[in-house]
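Below: one structure, written as structure tokens.
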Amino acid sequence: MKLYGDLGSGSTRRSLAVLYHLGIDFELVVLDLFKGETHTPELLALNPNGMVPVLVDDDVVLYEASAINLYLVEKFGSDLLPKGKDRALTFQWMFWAAEEWREGPPLLFIERIGKALMDIPQNNAIVEFAEESIRKYGAILDAHLEGRRYVVGDAITLADFDLAATFTHITRSRPAYEEFPSVMAWHQRLLDEVPAWARTRDIADERMNPVMVSIAAKNVEGVDHHGL
């Protein structure tokens, strides 16, 4: 079994966390999104979208992190996908994460990180839209999580990983999650109680630290000193 991914990718993190959480033996093939390594002929043959993660398990080739994670928990057996009503609720929140919750954060990442790497000015209208989206859906998630340990019941599910992936770059793209105390407490609980989630946070930070140093260096070089 192989997982192709960029260690700074929140979507890669979702599948990597499930693999670590389940203790599955696999090979990690590390790619660099910023260098275009997801658009090589090899990767495009696996995923024509040129995106990660991609899972290869013998003759099974899957892309989209949620599909990969569903495959893993069903193949190896895990209560990350519970039964009955909680199963339906897990699907509900996974789909909500994809359709609503992850609308704003990727835009902030592109504007504040991606464009900085490419020396392109950020679009303030897109930043405003992203922040409005985050506040809209953050309020919904915050209300749901008030008084709850996890998104569905008292144990983690795939829904928690899907929703928490947007925290991967919280210190870099700076979404306004601190406005939602129940959301923040839930995510801290994940870090404290789910070793795979803390482990993948550290991996993502290690991968992104040099990127942020590069951006900082660009900012220093671009300072206009003539008025000093």
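Each value in this text was obtained by applying a stated rule to the coordinates, not by laboratory testing. Every value quoted in this text rests on a predicted model; they were computed, and no experiment measured them. Please note: Cβ atoms are built from the backbone with ideal geometry, for glycine as well, and neighbour counts cover all protein chains shown.
If Rh is defined by the Kirkwood formula over all Cα pairs and Rg also comes from Cα, what ratio Rg/Rh do you get for region 1-120? My calculation of the ratio gives 0.99.
Each of Ile24, Ile134, Ile120 was scored by other Cβ atoms within 10 Å of its Cβ. Listed from fewest to most, they are Ile120, Ile24, Ile134. Taking the inverse of the mean 1/r over every pair of distinct Cα atoms in region 61-149 gives a Kirkwood hydrodynamic radius of 15.4 Å.
Sparsely packed loop sites in region 1-109 (the trypsin sites (Lys or Arg not before Pro) outside DSSP H, G, I, E and B with at most 11 other Cβ atoms within 10 Å) comprise Lys83. Taking every C-alpha pair closer than 8 Å and separated by at least 6 residues, the mean separation divided by the residue count of the chain gives a relative contact order of 23 percent.
Eigen-decomposition of the gyration tensor built on the alpha-carbon atoms of region 84-219 gives equivalent ellipsoid semi-axes of 28, 18, 12 angstrom, largest listed first.
Once you reduce region 117-163 and region 1-69 to the center of their Cα atoms, the two points are 23 Å from each other. Each of Asp119, Asp6, Asp58 has some number of other Cβ atoms within 10 Å of its Cβ, and from fewest to most they run Asp58, Asp119, Asp6. Shape annotation for region 128-179: C-alpha extents along the principal axes are 34, 20, 15 Å, from largest to smallest.
Taken along its principal axes, the alpha carbon cloud of the chain reaches lengths of 66, 45, 28 Å, longest axis first. Taking a straight Cα-Cα cut-off under 26 Å and skipping sequence neighbours fewer than 8 places away in the same chain, the lysines within cross-link reach of Lys136 are Lys115.
Under a Cβ-only charge scheme (Lys and Arg +1, Asp and Glu -1), can you give me the dipole magnitude of region 2-76 about the Cα centre, in debye to the nearest 20? If you can, show how the numbers build up before the last one.
Numbers: 5 positive and 11 negative charges, 56 e Å.
Here the size comes out at about 260 debye.
Extension gain, Leu28 to Asp119: 0.36 nm times the residue separation minus the Cα-Cα distance gives 29.7 nm. Only aspartates and glutamates eight or more places from Lys85 in sequence, or on another chain, were considered; those with a Cα closer than 18 Å are Glu74, Asp154, Asp160. Considering only Ala65, Asn47, Val29, and ranking their Cα positions along the charge dipole of region 2-76 that arises from unit charges at the beta-carbon of Lys, Arg, Asp and Glu, the one farthest toward the positive end is Ala65.
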